[in-house]
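Below is one structure, written out as structure tokens, with a few remarks after it.
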Amino acid sequence: MSNQPYNPGVDGAKMTFAGAMSYGDYLHLDGILTQQHPLSTAHDEMLFIVQHQTSELWMKLAIHEMAGARAALRAGDTPNMFKMLARVSRIFEQLNNAWDVLRTMTPADYTKFREALGPSSGFQSYQYRLIEYILGNRNPNMLGPHEHVPAVHKMLSDELDRPSFYDEVIAYLYRELDGSDENAPAPQLRSPHAPLPEVQALWKIVYEDVERHWTLYELAEKLVDLEDYFRRWRFNHVTTVERIIGFKRGTGGTAGVQYLQKMLSVELFPEIWRLRGEL
């Protein structure tokens, strides 16, 4: 039996990469792994930075999938739409799990570098705002924190000028049950989606005859699944913030925990949730 260390090259693994694409080249790891710049000497600031940077990467993927799901719905490609929506739910599961890592940071740990954050805050995440806008929680007041970056402000404003994903779902609901979306309510472009009794009545038809309306039923349950994970993400955010800073104001000037608690009451797809009490 040889005592020599195993050499994967013997079995065909490529071991030299001069002039060839490597793993690090493909992922541009030099760029990604050199973007963590703590502003203090506090040990836990690296955790704080990595937590938020990786969350932004997962949100970038969620936006990619939701944009794809909206395009698939418009094209009538429901199988791919369902696959993308299921993936978004799993992405938010990942985001939920990340809070467990951040919660290993104690109030004493955070206090050591909190002042270095200045007025920066997760409240200012434009990708999170875009996710909410795509799904239908549209508050034009939230454009304000992004006015200083014209390209970002325009991207968010443009999203407010097009139907949300849920607006597209409602139009599809009418086409399937009513034969046309001519009677569908106008998209609620620049305000949070408010529950509509006529839309809830159509979803009730779906849930009372699941076999006949299976595709719509599956779509509704995919949306419930997505919002379930999204709500858990918000709840975990609240409890993590309360655990670390209590009821202090947020670095961005919000009321902190009180502001986050207010966000827990937001419903993305209210008609689908509310009809359950009628079944």
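The values are calculated or read from the model by the stated rules, or taken from the named source; none is laboratory data. Nothing here was measured: the structure is a model prediction, and the numbers come from that model. As a convention, Cβ positions derive from the backbone with ideal geometry for all residues, glycine included, and neighbour counts pool all protein chains shown. Keep in mind that these areas ignore ligands, DNA and RNA; they rest on the heavy atoms of the full protein, side chains included. Shrake-Rupley method; radii C 1.70, N 1.55, O 1.52, S 1.80 Å.
Observations on the model:
- Å² per residue, accessible surface of the chain at 1.4 Å: 55
- A run of the chain free of exposed loop cleavage sites, with GluC sites (Glu not before Pro) counted only in DSSP states other than H, G, I, E and B and at most 11 other beta carbons within 10 Å, reaches its longest extent at 1-146.
- Ligands, DNA and RNA left out, the accessible area of the chain computed with a 1.4 Å probe is 55% carbon and sulfur.
- With the simple model of a label 7 Å out from the Cα in the direction of the Cβ, R274 to R74 spans 2.9 nm.
- Between H28 and M15, the distance separating the two model label sites (each 7 Å from Cα on the Cα→Cβ line) works out to 3.2 nm.
- Relative contact order [Cα under 8 Å, 6+ residues apart], the range 1-141, whole percent: 27
- Around G24: net Lys/Arg minus Asp/Glu count, Cβ-Cβ under 14 Å: -1
- Short-range pairs are left out: with C-alpha atoms under 8 Å and at least six residues apart, the relative contact order of the range 40-276 is 25 percent.
- Extension gain for E242 to R103 (0.36 nm times residue separation, less C-alpha to C-alpha distance): 49.0 nm.
- Take the Cα of R212, go 7 Å toward its beta carbon, and the backbone nitrogen atoms of the range 148-177 under 16 Å from that spot belong to 174-177.
- Extension gain for E93-L61 works out to 10.2 nm (0.36 nm per residue, less the C-alpha to C-alpha distance).
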